[in-house]
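To keep things clear, I will list the structure first and then write my remarks on it.
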Amino acid sequence: MNPANFTKEFNKLFKWFSNDITPGTPIPDIESFKKLLGFFLLGESYYFIMNHHNIGFDVVSPEVEQVLGYTVDEFDIEFLNKSLHPDDLSWFLTFGHNMIEFFSQVPVDKLKKYKLRYDVRYKKKNGEYARILYQGIIIEHNDSGRLFRSLAFHTDITHIKNVGRPMLSYIGLEGEPSHIDVAGENIYEEQKEELTHREKQILKLLIEGKLSKDISNALNISKQTVDTHRKNMLHKKKLNNISELIAKAISHGWI
C-alpha cells in the first residue's frame, strides 16, 4: 500500500479514536494494573499506555529496546506507522475500521470486558521484521464510551507465527463472548495490477459522470474502444460494475 495513502486513511480513520475528553486523572501507575497481567500472553514483550485524547503514549516500558531495538524516546505513533511491514498497512487500517464498528456496538458498561488482539509485522532496528502480537484492554473511557486510555502489550511471536496473514480477535472477559478472526476480508487492499494511462483518462471521465459516447468524443477514440477499456478495468480490479469501480477509485486514490 502506498505510504501516503496509508497516512491519509490512518488520520481519517483514527479520528474516531481521538476525542475531546479533558484529562481529569493523572497518568496511571502501571503497578495498579498488575492484576491484569494474567490476561496477556507474555514473552519477549513490552507494554505501553496509549492516550486516545492525543493519539500518543503516556507510558512506554524500557523493554521495547530488547524487543525492537529502539529506545523509549524513539517509540511514537509516527515511528510505529513507518515501521509497519508494507504488506500489513492495509490490514492495519482494516482492523481499525473493524474496531470502530465493534466498540460502537458494545454497551459502555462492557467496554472493559474485552481484550483486543491482533498481529502485524514491525521492522526492528537491525532491519529484520518481527511479527508482533498486540494485546490491549480499555482502562479509561467517558460516560458516552469514548476512549481515553488503553493498556497494551507487544509480544514478539515470530517464532510461533512467521507466515500467514494478520488476524484480529476480540477476547471476551468475565463471561462475555469471544470473536475470533473477525476481519477475514482486507477492505483496504489495493490491487497490484496498475491501470494504463488511457484507462486512467477514461476512469477520470467516468468519475465526472461522462458516458462512453462522451468519452469517445473527448478522447477521439471509438465508443467500442472505450467500452473495451471499461471491461478491462473491471477485470483488473475484480469488480462487478462501473459504480464499484468509481467508488474504489475515489476511496483508494487511483486517479
Please indicate, with yes or no, whether at least one residue in segment 170-181 is in contact with a helix residue (DSSP H, G or I) (Cβ under 7 Å, 6 or more places away or on another chain), open to solvent by less than 80 Å² (accessible area, probe 1.4 Å) and either part of a helix (DSSP H, G or I) or hydroxyl-bearing (S, T, Y) (or both). yes
Return the total of residues in segment 197-219 being over 37 Å from the mean Cα position of the chain (by Cα) and basic (K, R). 1
Anything in segment 100-131 that is in contact (Cβ under 8 Å) with a residue 60 or more places away in the chain, of a type in the set (A, V, I, L, M, F, W, C) and closer than 23 Å to S45 by Cβ? List them, or say none. A130
What pairs come out if I take residues in segment 222-242 that are open to solvent by less than 100 Å² (accessible area, probe 1.4 Å) and pair them with residues that are of a type in the set (K, R) whose C-beta lies under 8 Å away, six or more apart or interchain? H229/R198; K237/K248; L239/K248; I242/R230
Out of all the residues in segment 182-205, which are within 16 Å of K248 (Cβ to Cβ), assigned to a loop (DSSP other than H, G, I, E, B) and among the β-branched types (V, I, T)? I187
Pick out the one residue from G145, G127 that is modelled with pLDDT under 95, of a type outside the set (D, E, K, R) and open to solvent by 40 Å² or more (accessible area, probe 1.4 Å). G127
Filter segment 185-214 down to residues that are open to solvent by 60 Å² or more (accessible area, probe 1.4 Å), acidic (D, E) and at pLDDT 85 or above and give me whichever is farthest from K8 (Cα to Cα). D214
Can you run down the residue pairs with Cβ atoms below 8 Å, 6 or more apart or on separate chains, where the first is in segment 139-161 and touching a residue at least 40 places away in the same chain (Cβ under 8 Å) and the partner is in a loop (DSSP other than H, G, I, E, B) and among the β-branched types (V, I, T)? E140/T25; N142/I21; G145/V106; R146/I21; F148/I21
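The values are calculated or read from the model by the stated rules, or taken from the named source; none is laboratory data. Just so you know, these numbers come straight off a predicted model, no measurement behind them. Neighbour counts run over all protein chains shown; Cβ positions are idealised from the backbone, glycine included. With ligands, DNA and RNA removed, areas are computed over all heavy atoms of the protein, side chains included. Shrake-Rupley method; radii C 1.70, N 1.55, O 1.52, S 1.80 Å.
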